[in-house]
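> Pasting in a structure now, in structure tokens, and then I'll have a few things to ask.
Derivation of every value follows stated rules applied to the coordinates shown; laboratory data play no part. All values derive from a computational prediction rather than experimental measurement. Note that we place each Cβ from the backbone using ideal geometry, even for glycine, and neighbour counts take in every protein chain shown.
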Amino acid sequence: MLDITAAVGAVVGKVPGAATLGLGSRKPLQGRVAAVTGGAAGIGRATAAALVEQGAVVVIGDVDGAGAQRAAHEVGAAMAQRLDVTDRAGFTTFLDTVEAVHGPLDILINNAGVMPLGRLVDEDDATTERILQVNLHAVIHGTREAMHRMVPRGNGHVVNLASTLGKAGLPGGATYCATKFAVVGFSESVKAELAGTGVDLTLVLPGIVQTSLGEGVQQPLMIRRVQPEEVAAAIVDALERPRYEVYVPFEAGPVAMLGAALPSGLRDRVARGLGLHATLADADAELRAAYESRVRASRAG
């Protein structure tokens, strides 16, 4: 029988950056202009708060305009606006406004995301399109807009939120997983395009986070559930000491590497043994009802 704990221990030392994590000089965030999408709650709100604590000038955008204003007031952000990231012209205007009011954009956090769950056979076209538009197309558009602004100046940092589900697809969230796999590949390509420009890109891969998006999902073995503040702290650390790939919690990285190294049949058996296949497929529908309703409402809007 495979000893997962021993295997993870053997792999952990090989995780990129594991030996040097926490070392090196820091880039100060004081006075840097940062825009955070999906910043009204969850990881986005926690990240906005963490950036404000470091002295950054933070602008929150969220499809929940009132929630964005409330979050900005609570965390001390400089400004908040309603932002539907699927409205590309509106997204561009949002960034134009940020720069017009606060100066050149230094940091873009592409955080906005949705995760309706269910079997693909039961998913309607409108839900599929909404997931693709929010989780993938908006990340592409936001990243490209940031590049247009940052590359000519030779300075800036884009942070794209993916997921550990961008490394291992699970039943019950096929389209969501597809978008996160796409963000991983997209970000890797853009990182290569940005080489030598002075603009950094970080890919953040959270596991299960205690937010409304993760409400009701089942807890697998070995991967602990984290708070949004932990993800925010990892984002801030990657902005201060730029690096490409960041797992939260850290131990999710070795597990992902181990899974990628296993033959597919063995990987499937290990995933079932850890309870990963039940994570999304057996999510508690009652606990998720309020979140799923909000996602449907935002789609209608």
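> If I filter region 213-227 down to residues being within 25 Å of Val134 (Cα to Cα) and among the polar types (S, T, N, Q), which single residue comes out as surrounded by the most Cβ atoms within 10 Å (Cβ to Cβ)?
Only one residue tops the list, namely Gln218.
> So, one more: Only one of these is crowded, with 16+ Cβ neighbours inside 10 Å, within 24 Å of Gly39 (Cα to Cα) and not hydroxyl-bearing (Ser, Thr, Tyr): Leu258, Leu287, Leu274, Leu239. Name it.
Unique residue meeting the criteria: Leu239.
> If only one of Arg88, Arg130 is under 27 Å from Glu245 (Cα atoms) and touching a His at 6+ places or on another chain (Cβ under 6 Å), which one is it? Give the steps one after another, and end with the answer.
On the way: Arg130 fails: touching a His at 6+ places or on another chain (Cβ under 6 Å).
Just a single option satisfies the conditions, and that option is Arg88.
> Here's a check for you: in region 232-249, which residue that is among the acidic types (Asp, Glu) and under 17 Å from Ala50 (Cβ atoms) is nearest to the chain's Cα centre (by Cα)?
Asp237
> Looking at region 120-140 only, could you name the residues that are free of Cβ contacts under 8 Å to residues at least 60 places away in the same chain and not hydrophobic (A, V, I, L, M, F, W, C)?
Asp122, Glu123, Asp124, Asp125, Thr128, Glu129, Gln133, Asn135, His137 - these are the residues of region 120-140 that are free of Cβ contacts under 8 Å to residues at least 60 places away in the same chain and not hydrophobic (A, V, I, L, M, F, W, C).
> So which residues in region 25-56 are in a loop (DSSP other than H, G, I, E, B) and more than 14 Å from the chain's Cα centre (by Cα)?
Initial filter on region 25-56 (in a loop (DSSP other than H, G, I, E, B)): 25-32, 38-41, 54-56.
Of everything in region 25-56, those that are in a loop (DSSP other than H, G, I, E, B) and more than 14 Å from the chain's Cα centre (by Cα) turn out to be Ser25, Arg26, Lys27, Pro28, Leu29, Gln30, Gly31, Arg32, Ala40, Gln54, Gly55, Ala56.
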